[in-house]
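S.K.: To start, I am sharing the structure in question, which I have written as structure tokens.
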Amino acid sequence: MTVNKIITDTALGESYRVIKHKSGLTIMVLTKQGYESTHAIFATKYGSIDTSILRENGGFETIPEGTAHFLEHKLFESEDLDAFERFAKTGAYANAFTSFDMTGYLFSCSDNFKENLEILLDFVQSPYFTEETVQKEQGIIGQEIRMYKDSADWEAMFNMLRTMYEKHPVRIDIAGTEKSISCITAEMLYDCYKNFYDLSNMVLAVAGKATVEEVLEVADRMLKNSGGKRAVREFKKESPKPVCDYVEESLPIKVPIFVLGFKEDFENPERTLKQVVSTEIIHEIIAGRSSPLYNRLLEESLVNNSFSNEYFYGFGYACSMFSGESTDPEKASAEIRKEILSRKLNGVSEKDFERARRKLYGRMVMGFNDIESIAHDMVKSDFDGYGIFDASEICRTLTLDDINERLGEILCDDYTVLSVVKPLE
Amino acid sequence: MNRPELKSIADSVSVCHVKTDRFKTCKICISMALPLDGDIAAKAVLPYMLRRSCKKYPSFSEFNGRLDELYGAAATAFVRKQGEAQVLGLTVTSIDDRFALDGKSVSSDAAELLCDMLFDPDFDENGTFKADDLETEKRLLLERMISEDDDKRAYSVKRCQEIMCENEAFSRNRFGTESEIQSLTPDRVFAAWQEVLGSAVIRIVSVSSGSADEISNLFSQRFEKIDRAPRDATTQFIPDAKEVKYIKEEQKLKQGTLVLGFRCGMTHKDEFDPAMSVMADIFGGGTYSKLFSVVREKMSLCYFCSARLDRSKGIMLVASGIETANEEKAKNAILDQLDEMKNGSFTKDDFDASIRSVKEGLLSALDSPEVWYSNQILNKEIKTPQERLSEFESVKFEDIREMAQKITLDTVFMLAGTGEEDDGE
């Protein structure tokens with residue numbers, strides 16, 4: 001049976017439809033009046049952190065690092081016309097991405113929506129891998145891996161993650177290594193496909209000009225039935241303490257880069273949306289553009305406009321990151337830690353809280369301009385078990401007590417890692 | 001969305017208002033174009049100085065606090081190079097009044113703030129920019145300029161352009177030189193502010209549900225008090241290359257970057273032929289292009305290899321990230337593909353795919369009108385995406401080969417990687 005519900009946010013003036021399709025797939029559609037184009041993402045809850053498969057005997061079996069990303073590259077191919085060639089005939093812009101916890105295939109178009117959706121649903125459901133094509137891809141992905149190895153921002157972040165997490169696969173590169181991908185075979189890709197690309201493990205999110213009727217007409221025709229199998233993730237709790245508190249690398253750059261991470265300790269592998277929104281408000285209060293900390297760091301020439309923060313979280317990992325360029329990363333890091341300790345001691349004031357809440361709320365509203373970000377939010381929120389309006393609702397109703405309580409749980413000064421990428425001597 | 005009108009409010013100052021209620025935001029972008037000459041560094045730092053504070057909200061914290069109050073309104077400053085024009089700008093984005101939690105008007109406050117930034121800077125007792133603030137912004141601009149070189153692809157493209165256009169104004173950095181920035185004084189920035197207000201060609205683009213009159217009146221009152229003597233920026237076009245220049249640099253990198261710079265036969269900015277865009281797109285645009293489908297997919301030489309046409313200067317650049325040892329092979333492969341274009345070895349399918357893709361890009365521009373219209377600052381008249389589209393629809397298959405034959409190779413730049421081989425870890 002197809003279940004169908006409409007979710008509306010009257011304050012935002014938006015609504016969308018969630019359909020549990022009879023095939024097992026969750027379909028979400030947000031139609032935007034007056035928009036010219038449509039953005040569609042067909043995604044599976046399978047990313048770089050999924051480095052093992054649960055077998056029928058109940059045990060987890062390891063797969064090579066970078067397999068999710070490799071599979072993403074190869075799924076575009078088929079026995080005759082590959083997906084790119086098919087999209088070239090409709091004019092859609094098509095692409096794909098692999099992140100830590102998902103793989104998504106997408107297109108955006110203003111014309112021929114149904115035809116494009118048909119191609120998307122078809123190629124993602126039709127794996128075609130041969131040893132020859134797998135081998136050819138190793139050269140292309142090898143260059144992609146090298147490109148990232150030369151990117152100081154990327155290295156600074158992954159060095160931090162590798163130092164923060166001893167076991168959790170968030171520590172590995174999304175594309176794997178040249179060595180790990182050399183072990184990948186066509187057979188292995190079919191095996192992963194079978195495990196992670198079951199429609200019950202996937203979402204189709206559509207935002208823009210297209211209507212629910214158009215989406216369903218194609219979905220009814222194109223979707224195969226799933227085996228009803230949702231992939232299971234393995235959670236091994238690890239020590240709240242990072243492996244080490246400092247890591248550095250040298251690259252041919254001119255301005256040093258740092259990432260300061262605070263590892264979060266928890267029992268349950270997933271964060272609630274309330275924890276996420278509260279943490280983002282706390283980050284804004286501590287290190288936002290109007291914060292005393294940012295202004296002090298600027299005046300003392302310790303950071304520049306690249307200074308930013310992120311609450312980075314997913315299944316089994318969560319940390320607060322403060323990063324940027326700095327001529328003195330250790331001093332900048334010490335200042336940030338000092339500020340956080342003092343904030344934790346004194347608590348957050350009503351005024352700071354209101355200001356940060358307003359800003360975050362405004363930015364959430366602005367996000368609803370962009371159909372690409374709406375489609376991404378729909379995918380992510382479904383995988384995380386929320387609706388796309390829930391975050392702005394939480395933002396409207398949070399209290400100062402919630403914030404101060406959350407502040408007590410996170411940003412522990414004993415669990416930090418400073419990662420620095422320096423210029424070569 | 002109706003066709004926006006261009007309304008002149010002062011000599012070479014025009015307002016382009018796009019009235020629509022389909023966005024959650026109200027955006028105003030003011031762009032100011034000047035010839036790429038004189039005190040480039042002083043003009044480059046100006047938008048960043050104006051973005052710090054204003055008389056009404058002196059100090060960086062107060063100014064940013066004001067933005068937070070306006071529901072996280074975003075103010076950004078930018079400096080870009082368009083042909084041989086230096087384009088300076090300020091943008092303010094706020095939520096539309098309909099979404100304010102307290103029912104107050106956010107958009108007119110945001111527009112007012114933008115006016116204050118431009119016309120009422122936060123001067124010191126001597127009536128000029130504050131020396132302390134300038135020192136901070138000088139540092140930030142320098143670090144921004146230096147760290148741009150840490151992105152190796154962007155650096156290689158920039159170097160290729162500099163070498164190719166060494167005797168043209170185009171080779172100048174949009175921020176000036178390091179020493180020009182270091183020597184900046186408040187008086188020079190003050191002079192730049194006067195120069196910009198008095199002589200830049202200025203376009204204000206707003207996208208909101210409000211009326212055109214509101215924006216026009218706000219700005220025309222301020223411009224009434226300014227003596228205007230506008231200076232148009234003109235660009236030097238060199239239609240074809242004489243002999244090929246070759247420069248190789250080495251850095252300790254894992255991947256090399258090869259950039260080829262071409263001249264496209266243009267002698268004036270107004271003689272641009274849309275067929276040239278289509279040619280560049282078939283050659284190195286989308287996934288159906290020669291460079292993607294042959295150099296990347298068939299030959300597995302790289303992860304990225306694409307061509308970008310800069311119509312405001314009449315040049316085209318091809319960039320590719322490759323194994324350093326493959327320099328000759330990649331260069332020959334790229335030039336072979338260009339020869340294919342010159343010989344007419346491409347199909348009607350390739351042509352149709354490109355036209356569809358161009359059309360797709362133009363239609364989706366309707367979803368971000370502020371960018372579309374701001375980019376047309378150097379043209380006296382504006383064109384809607386639909387009007388531009390009709391020009392492309394008249395491009396004929398036969399025109400493409402003729403366009404390819406106008407292309408000549410001017411410069412080859414190779415950033416060779418000398419980093420040690422990675423063992424995969």
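S.K.: Using the 10 angstrom Cβ neighbour count as an exposure proxy, how do B:LEU218, A:LEU71, A:LEU204 rank, fewest first? Each step should come with its number before you reach the end.
M.R.: Numbers: B:LEU218 19, A:LEU71 23, A:LEU204 29.
Ordered by Cβ neighbours within 10 Å, fewest first: B:LEU218, A:LEU71, A:LEU204.
S.K.: To the nearest Å, what is the center-to-center distance of region A:1-48 and region B:1-64, using C-alpha atoms only?
M.R.: 37 Å
S.K.: Mind jotting down a quarter of the surface of the convex hull over the alpha carbons of region A:216-332, in square nanometres, one decimal? Intermediate results must be reported in sequence, preceding the final value.
M.R.: On the way: hull surface 50.6 nm².
Projected area, direction-averaged: 12.7 nm².
S.K.: What are the radius of gyration and Dmax of region A:43-155, computed over its Cα atoms and given in Å?
M.R.: Expressed in Å, the Cα Rg and Dmax of region A:43-155 come to 15.8, 48.
S.K.: Within region B:189-225, which trypsin sites (Lys or Arg not before Pro) sit in a loop by DSSP and count at most 16 neighbouring Cβ atoms inside 10 Å? Walk me through the numbers on the way to the answer.
M.R.: Working: sites: B:ARG203, B:ARG222, B:LYS225; in loops: B:LYS225.
Of the trypsin sites (Lys or Arg not before Pro), the ones in loops of region B:189-225 whose Cβ has at most 16 other Cβ atoms within 10 Å are B:LYS225.
S.K.: Turning to a different aspect of this structure: Calculate the length of the line joining the C-alpha centroid of region B:195-258 to that of region B:136-161, in whole Å.
M.R.: Region B:195-258 and region B:136-161 have Cα centres spaced 18 Å from each other.
S.K.: Given the pairs B:LYS55/B:LYS313; B:LYS81/B:LYS383; B:LYS7/B:LYS158, which span a C-alpha to C-alpha distance of over 29 angstrom in this model?
M.R.: Numbers: B:LYS55/B:LYS313 39 Å; B:LYS81/B:LYS383 21 Å; B:LYS7/B:LYS158 36 Å.
Where the Cα-Cα span goes over 29 Å, the pairs concerned are B:LYS55/B:LYS313; B:LYS7/B:LYS158.
S.K.: Residue by residue, what Karplus-based ³J(HN,Hα) values in Hz, rounded to whole numbers, does region A:250-262 have, using 6.51, -1.76 and 1.60 with θ = phi - 60° and x for Gly and Pro?
M.R.: Here the 3J(HN,Hα) series is 10, 9, x, 10, 10, 10, x, 10, 10, 10, 9, x, 10 Hz.
S.K.: Right, another one. In vacuo Debye scattering of region A:246-423, one point per C-alpha: log10 I(q)/I(0) at q = 0.12, 0.14 Å⁻¹?
M.R.: Log-scaled intensity ratios, in q order: -0.60, -0.82.
S.K.: Once the Cβ-Cβ distance between B:ARG228 and A:ASP245 is put in as r, and R0 is 56 Å, what FRET efficiency do you end up with, to the nearest 0.05?
M.R.: Once the sixth-power term is evaluated, E becomes 0.40.
S.K.: On a 0 to 90° scale, report how tilted helix A:212-222 is relative to the longest principal axis of chain A, with both axes built from alpha carbons and the result rounded to the nearest 10.
M.R.: 60 degrees
S.K.: If you don't mind, another one. Identify, among B:SER289, B:ALA131, B:MET279, the residue whose Cα sits farthest towards the positive end of the charge dipole of chain B, taking +1 on the Cβ of Lys and Arg and -1 on the Cβ of Asp and Glu, with the dipole about the Cα centre.
M.R.: B:MET279
S.K.: What percent of all Cα-Cα pairs in the protein assembly as shown falls into each 20 Å bin, going from 0 up to the bin containing the maximum distance?
M.R.: 14, 47, 37, 3, 0
S.K.: Next question, about the same structure. Given H placed on each backbone N at 1.01 Å, which residues far from A:THR90 in sequence or on other chains put an amide H within less than 5 Å of it?
M.R.: Residues meeting the criterion, in which the H sits 1.01 Å from N, do not exist here.
S.K.: Here's something else I'd like to know. Quick one: Karplus J couplings for region A:187-204, per residue in order, coefficients 6.51, -1.76, 1.60, θ = phi - 60°, nearest Hz, x for Gly and Pro?
M.R.: With the stated coefficients, region A:187-204 comes to 4, 4, 5, 4, 5, 5, 4, 4, 6, 9, 9, 6, 4, 5, 9, 10, 9, 10 Hz.
S.K.: Roughly what would the spin-label model give for B:ASN217 and A:ASN346, points 7 Å off Cα along C-beta, in nm?
M.R.: 4.5 nm
S.K.: While we're on this one: For region A:246-423, what is the number of Lys pairs with C-alpha distance below 30 angstrom, counting only pairs 8 or more positions apart or on separate chains?
M.R.: Taking region A:246-423 as the scope, the lysine pair count is 27.
S.K.: Give the span of chain A's Cα atoms along each principal axis, as three whole-Å numbers ordered largest to smallest.
M.R.: That works out to 60, 52, 43 Å along the principal axes.
S.K.: Have a look at B:PRO369, B:PRO47, B:PRO58 and tell me which one the Gaussian network model of chain B (Cα, springs below 10 Å) gives the largest fluctuation.
M.R.: Answer for the Gaussian network model of chain B: B:PRO58.
S.K.: Distance between the C-alpha centers of region A:279-320 and region B:298-358? Whole Å please.
M.R.: Each part reduced to its Cα centre gives a spacing of 41 Å.
S.K.: Additional query: Report, in cubic angstrom per residue, the convex hull volume of the C-alpha atoms of chain B. Let's see the in-between values first.
M.R.: Numbers: hull volume 70.9 nm³, N = 425.
In chain B, the Cα convex hull volume per residue is 167 Å³.
S.K.: Give me, ordered by chain and number, the residues 5 or more places off B:GLN82 or on other chains with an amide H under 5 Å from its own placed amide H.
M.R.: Counting only residues 5 or more places away or on other chains, the set is B:VAL87.
S.K.: Within a 10 angstrom radius of the beta carbon, how do B:ASP151, A:ASP173 rank from fewest other beta carbons to most? Walk me through the numbers before you get to the answer.
M.R.: Values: B:ASP151 16, A:ASP173 19.
Final ranking by Cβ density, sparse to dense: B:ASP151, A:ASP173.
S.K.: Helix-derived [θ] at 222 nm for chain B: sum -39500 (n - 2.57) over DSSP H runs of at least 4, divide by residue count, nearest 500? Intermediate results must be reported in sequence, preceding the final value.
M.R.: Working: 14 runs with 164 residues, N = 425.
So the helix-based figure for chain B works out to -12000 deg cm²/dmol.
S.K.: Related question: Cut-off is 10 Å between beta-carbons; in what order do B:THR418, B:THR20, B:THR384 appear when sorted fewest neighbours first? Working shown, then result.
M.R.: Working: B:THR418 12, B:THR20 15, B:THR384 19.
Least to most surrounded, the residues fall as B:THR418, B:THR20, B:THR384.
S.K.: Could you grab the relative contact order for chain A? Cα pairs under 8 Å, six or more apart, rounded to a whole percent. Don't jump to the answer; show the numbers that get you there.
M.R.: Numbers: 791 pairs, mean separation 88.9, N = 425.
Rounded, it is 21 percent for chain A.
S.K.: Check which residues have an amide H placed less than 5 Å from A:GLU14's amide H, if you skip close sequence neighbours.
M.R.: Under 5 Å from the amide H of A:GLU14 lie the amide H atoms of A:ASP9, each far enough along the sequence or on another chain.
S.K.: Given the -39500 (n - 2.57) contribution per DSSP H run of 4+ residues, what per-residue ellipticity at 222 nm results for chain A, rounded to the nearest 500 deg cm²/dmol? Walk me through the numbers before you get to the answer.
M.R.: Values: 15 runs with 176 residues, N = 425.
Computed mean residue ellipticity for chain A: -13000 deg cm²/dmol.
Every read-out reported here was derived from the displayed coordinates using simple, explicitly stated rules and does not represent laboratory data. As the structure is a prediction and not an experimental result, all values here were calculated from the model. A quick note on method: Cβ atoms are made from the backbone with ideal geometry, for glycine too, and the neighbour counts reach across all protein chains shown.
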